[in-house]
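What follows is a short report on a single structure.
The values are calculated or read from the model by the stated rules, or taken from the named source; none is laboratory data. Bear in mind that the values here come from a model prediction, so they are computed numbers and not experimental data. Positions of Cβ are generated from backbone atoms using ideal geometry, with glycine treated the same way; all protein chains shown enter the neighbour counts. All accessible areas refer to the heavy atoms of the entire protein, side chains included, with ligands and DNA or RNA removed. Shrake-Rupley method; radii C 1.70, N 1.55, O 1.52, S 1.80 Å.
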Amino acid sequence: MPIQPILKPGSLKDPSVASLFSTKDPELRFSDLREIGHGSFGAVYFALDKETNENVAIKKMGFSGKQAAERWSDIIKEVGFLKKIRHGNIVEYKACYLKEQTCWLVMEYCIGSAADIVEVHKGPIFEQEIAAICQQALTGLSFIHEIKRIHRDVKAGNILLTDHGVVKLADLGSVSCSSPAQSFVGTPYWMAPEVILAMDEGHYDQRSDIWSFGITCIELAERKPPFFNMNTMSALYHIAQNEPPKLQIKSSTNEAAPWSEKFISFVDQCLRKDPEQRLSTKACLNHPFITDALPPSIILELIRRTKRVVRELDNFQYRKMRKLMYLDE
Ligand code: ATP
Ligand code: MG
Ligand code: MG
């Protein structure tokens, strides 16, 4: 394990740290900030970049208070990693600023996540739409795996869509520096059994992302991951103890057609408890569920359909989903 140097939060003495940040005032460059999401770190905003006249997303990450040192090192890790990589299916880094104990990570703007889309529809989206989202998300994930990293937080909330219908893997704050990894990182309901068990023994590798990917497929098909009605501790117990979850076969009362054999088999092969038995990232990309996916134009149609539903929402619901419409307003 490499020894982590103790970093003084906000200090730019180390040139490799300083090179990550601009110390100019971001308030002068970005205007019209509107909150579009939040997480443990703070919030994400839609904004206008006055320099380029483009819309961007800004993730503001604060590092004052109790766990300042830990948060600062997480910020350096996330920014450092995102800045280094460039891939058509990974959210694009644009700039990074430091202002008053807050890091402003500026990224390309996406209209929302795959989780937002299923939330709007309050029911399953079409299998072909799921396949097209999965195909692009997997292409981004396989890039991360090729450079020997583990994403560690694969879920529909971290799969974003641009207004042009391109799928982008996001939230690289949990990416591992080394593989195999040992620490307990991720979001409980999507965690692979071996990641949960790595709390006290063993290691895990890229294949734990494939488990989370299988759970994400269930989430896209059924709106929530398995055990979502349980508290997180019970869910972790059930993931580790139970047989792997499966896609629910739609009942005959459901008007939509049942899931295809290839979708069921794809999910089944991602959700093997023994990582050795799981599809590898390459094998996922070669599975018929993915290779038969329709061209990305189907995602544009999904976005159009989703916006139509949002327009019809009542006031309260509309406010929640309004971010999907910012580019159309
Ligand atoms: P988590 O709680 O999942 O760990 P996080 O705190 O690390 O999340 P992100 O997942 O990076 O934060 O961002 C939180 C939310 O903000 C996302 O789920 C998404 O809805 C929104 N978001 C993040 N980045 C963008 C972007 N580039 N464009 C549009 N929305 C974004
Ligand atoms: Mg996230
Ligand atoms: Mg995160």
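I'd like the accessible area for Y318, computed on protein heavy atoms only with a 1.4 Å probe and all protein chains in place. Round to 10 Å², please.
50
Report ³J(HN,Hα) in whole Hz for each residue of segment 70-80, in order, from the Karplus equation J = 6.51 cos²θ - 1.76 cosθ + 1.60 where θ = phi - 60°; Gly and Pro get x.
Once θ is set to phi - 60°, the couplings for segment 70-80 become 5, 5, 4, 6, 5, 4, 4, 5, 5, 5, x Hz.
Considering only DSSP states other than H, G, I, E and B, which GluC sites (Glu not before Pro) in segment 67-169 qualify as loop sites with at most 10 other Cβ atoms within 10 Å? Don't skip to the end; give the middle numbers.
Details: sites: E70, E78, E92, E100, E108, E119, E127, E129, E146; in loops: E92, E100.
Sites meeting the loop and neighbour criteria: E100.
Given axes a ≥ b ≥ c from the Cα gyration tensor, I'd like to know whether segment 98-220 is rounded (a/c under 1.5), prolate (a/b larger than b/c) or oblate. All intermediate terms of the calculation are to be shown ahead of the outcome.
On the way: a/c = 1.81, a/b = 1.23, b/c = 1.47.
It comes out oblate by the Cα gyration axes.
For a quick check, take a GNM of the chain with Cα springs below 10 Å and name the residue from M230, M191, M61 with the largest mean-square fluctuation.
Sorting by GNM fluctuation, first place goes to M230.
Highest mean first, how do 280-286, 21-27, 43-49 rank when packing is the count of other Cβ atoms within 10 Å averaged over residues?
43-49, 280-286, 21-27
Could you tell me which trypsin sites (Lys or Arg not before Pro) in segment 65-140 are loop residues by DSSP with no more than 10 other beta carbons within 10 angstrom of their beta carbon?
For trypsin sites (Lys or Arg not before Pro) across segment 65-140 that sit outside H, G, I, E and B with at most 10 neighbouring Cβ atoms in 10 Å, the list reads K66, R86, K122.
Given a 10 angstrom Cα cut-off, can you work out which residue in Q269, Q182, Q248 is the most mobile in a GNM of the chain?
Q248
Check C96: other-chain or 5+ apart residues with amide H under 5 Å from its amide H, H built from backbone geometry?
So C96 has HN proximity to S22, V106.
Please list 134-140, 51-57, 270-276 highest first by mean number of surrounding beta-carbon atoms within 10 Å per residue.
Details: 134-140: 22.7, 51-57: 13.7, 270-276: 17.4.
Per-residue Cβ counts within 10 Å, averaged per peptide and sorted highest first, yield 134-140, 270-276, 51-57.
Short version: ³J(HN,Hα) in whole Hz for each residue of segment 104-110, in order, from phi by Karplus 6.51 cos²θ - 1.76 cosθ + 1.60 (θ = phi - 60°), x for Gly and Pro, what are they?
Per-residue couplings from phi come out as 9, 8, 9, 10, 4, 8, 10 Hz.
Can you classify segment 48-94 as rounded, prolate or oblate using the Cα gyration tensor, where a ≥ b ≥ c are the square roots of its eigenvalues, rounded means a/c under 1.5, and otherwise it's prolate if a/b beats b/c and oblate if not? It would help to have the intermediate numbers written out before the result.
Values: a/c = 3.49, a/b = 1.55, b/c = 2.26.
Oblate shape, in that a/c is at least 1.5 and b/c is the bigger or equal ratio.
As a test of the formula, what do you get for the chain when each DSSP H run with n ≥ 4 contributes -39,500 (n - 2.57) and the sum is divided by the residue count, at 222 nm and rounded to the nearest 500 deg cm²/dmol?
About -11000 deg cm²/dmol.
Please compute the Cα-Cα pair-distance distribution of the chain with 20 Å bins starting at 0, giving whole percents from short to long.
In whole percents, the pair-distance histogram is 30, 59, 11, 0.
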